[in-house]
1. When the stretch B:89-117 is examined, which residues are found to be over 23 Å from B:Thr67 (Cβ atoms), open to solvent by 20 Å² or more (accessible area, probe 1.4 Å) and touching a Leu at 6+ places or on another chain (Cβ under 9 Å)?
2. Kindly indicate whether A:Glu220 is touching a strand residue (DSSP E or B) at 6+ places or on another chain (Cβ under 6 Å) and open to solvent by 50 Å² or more (accessible area, probe 1.4 Å).
3. Filter the stretch B:63-93 down to the residues that are among the aliphatic types (A, V, I, L, M) and modelled with pLDDT under 95 and list them by number.
4. Among the residues in the stretch B:190-199, are any outside any helix (DSSP H, G or I), more than 9 Å from DNA strand D (Cβ to nearest atom) and not polar (S, T, N, Q)?
5. Please indicate, with yes or no, whether at least one residue in the stretch A:196-208 is open to solvent by 40 Å² or more (accessible area, probe 1.4 Å), more than 16 Å from DNA strand C (Cβ to nearest atom) and either closer than 23 Å to A:Pro115 by Cβ or out of contact with any Pro (no Cβ under 8 Å at 6 or more places or on another chain) (or both).
6. Would you confirm whether or not the stretch A:188-195 contains a residue that is away from DNA strand C (no atom under 14 Å from the Cβ) and of a type in the set (A, V, I, L, M)?
7. May I ask you to say which residue of A:Lys216, A:Lys123 is within 16 Å of DNA strand D (Cβ to nearest atom) and more than 17 Å from the chain's Cα centre (by Cα)?
8. Have a look at B:Val48, B:Val85, B:Val75 and point out the one that is buried (at least 18 other Cβ atoms within 10 Å of the Cβ), out of contact with any Gly (no Cβ under 6 Å at 6 or more places or on another chain) and among the β-branched types (Val, Ile, Thr).
Number of protein chains: 2
Amino acid sequence: MKVSKEKQLDTLITTVNPSSYECTITVDCAIFGFQDNELKILLVKRSVEPFKDYWMLPGGMMDEGLTMEESVRKVLYGLTGIHDVHQEQVKCYSDVSRHPIKRVVTVCFYALVKPENHPVIAKNYVSDVVWHSVNEIPQLGFDHNILAVDALAKLRQNLKENLIFGELLPEKFTLKELQDLYESILDETLDRRNFRKKILQMDLLVPTKEKKVGVKGGPELYSIKINNTT
Amino acid sequence: MKVSKEKQLDTLITTVNPSSYECTITVDCAIFGFQDNELKILLVKRSVEPFKDYWMLPGGMMDEGLTMEESVRKVLYGLTGIHDVHQEQVKCYSDVSRHPIKRVVTVCFYALVKPENHPVIAKNYVSDVVWHSVNEIPQLGFDHNILAVDALAKLRQNLKENLIFGELLPEKFTLKELQDLYESILDETLDRRNFRKKILQMDLLVPTKEKKVGVKGGPELYSIKINNTT
DNA sequence: AATATTATGTGTATAATATACACAGAATAA
DNA sequence: TTATTCTGTGTATATTATACACATAATATT
């Protein structure tokens, strides 16, 4: 069966672009940090409508030439000046009326950063950038409370399965600091000896033979093992 | 500080639509079924370019008035005639060149269906719809091999955490059938007695006091407990 | 109809893992 | 110098996971 060039082209276009509905895509990012022995989330105050003066997860448009992951990195770089941030995809949200004015599909990520290393700065359409305790998240704009809850759940799940504390601790840290971090993320207390046993037998940490000063007991500092094949 | 109506409107529009990049969004679905004691995945053969004659995951455009989840249901309804399918979001994919002609962001889902209950039918731009063993997935169009692998991994993970076999078994089934299903999904063999012990103490199944005929031993049929509060 | 075959259904012993728990030593604070 | 607070360590117990064998029921075979 032969078809004309026009017909072929038509079919191709139709296939590529059937009914051609296009939609705005944004990325939002739950940025977690560990500060004052507490798990924090970075929220920005929106300075324009809609949801003016609401706290929100930082986010932005997906760029034409960038993947979502790259777009998230761009947002993070803008807010904190860092690249190389550990980030994980959480979920995609597509409720038709999640944005009151036009349809916007968003993909949520979470990222882990060290607050002390990366002072945050207000950006476009944002009047304030503040670390909030994850236990006291205010009412957020759009559906961002849902995103925040989902992101935290994903972080917890990943923490239980792997050993992901990426950017959340300084390069050298004590087991106590690591335990505090775990307890903050999981929101439960852990037995000190059992935690130590479990973590050490994972064989992912190396003792640095340095001791942390200024704290009683003189605890040993550990760092993350670089090459697991050694 | 006062601003003109025009300025306000301008700000609003800019905010809502900053640089206004829109993008085509599709949904793709790894449909799993359990047939001939094997976990199967439903693939469609594409009849148009690009990737003409390649096997693919079934999918389609996200509809203007529908969420992604609803769009997936629409695809599934078109292929199998059923609604009420258990589906889970897997991941969103946004590589800039994942589609050779234009940019398309896709969100992958998986769904669980009973093949015997739902004969599948070819649809637009599709010349064939066939159940394939998950162990013999051919080369797929676009990046669908990646989606398929991710979907199967997600299914396995969910199976280990919950008890999700949704549409994969008939209403009444024997423990053997359930175990075969688990073994197919997890791709490992399980001890019969230990499996039985574990599943039964989850307290999610109820014995029907019926026996399956045509099979030696006369095994009891179970169904899923409807209301866990009873 | 009798017999062989194949699948079901059941419990226990052992191994592996998770949990609970107390005291001596080191650094800081008083 | 002494008190305080944190670190570092091992074991006993409970819980959970794993390995494993035989009697019974239904079908298949002769």
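1. Across the stretch B:89-117, the qualifying residues are B:Val96, B:Ile101, B:Lys114.
2. Criteria met by A:Glu220.
3. B:Val75, B:Leu76, B:Leu79, B:Ile82, B:Val85, listed by residue number.
4. no
5. Taking the stretch A:196-208 as the starting set, the residues that turn out to be open to solvent by 40 Å² or more (accessible area, probe 1.4 Å) are A:196-198, A:200-204, A:206-207.
If we keep only those that are more than 16 Å from DNA strand C (Cβ to nearest atom) too, we end up with A:206.
Among the residues that remain, those that are also either closer than 23 Å to A:Pro115 by Cβ or out of contact with any Pro (no Cβ under 8 Å at 6 or more places or on another chain) (or both) are: A:206.
Looking for residues that are open to solvent by 40 Å² or more (accessible area, probe 1.4 Å), more than 16 Å from DNA strand C (Cβ to nearest atom) and either closer than 23 Å to A:Pro115 by Cβ or out of contact with any Pro (no Cβ under 8 Å at 6 or more places or on another chain) (or both), one finds at least one in the stretch A:196-208, hence yes.
6. The initial filter retains those residues of the stretch A:188-195 that are away from DNA strand C (no atom under 14 Å from the Cβ), namely none.
No, the conditions are met nowhere in the stretch A:188-195.
7. A:Lys216
8. On the way: B:Val48 fails: buried (at least 18 other Cβ atoms within 10 Å of the Cβ); B:Val75 fails: out of contact with any Gly (no Cβ under 6 Å at 6 or more places or on another chain).
It is B:Val85.
The values are calculated or read from the model by the stated rules, or taken from the named source; none is laboratory data. It should be emphasised that the depicted structure is a prediction, and the values quoted were computed from it without experimental measurement. Cβ atoms come from the backbone with ideal geometry, glycine included; neighbour counts cover every protein chain shown. When the accessible area is computed, the model is the full protein with side chains, heavy atoms only, and any ligands, DNA or RNA have been set aside. Shrake-Rupley method; radii C 1.70, N 1.55, O 1.52, S 1.80 Å.
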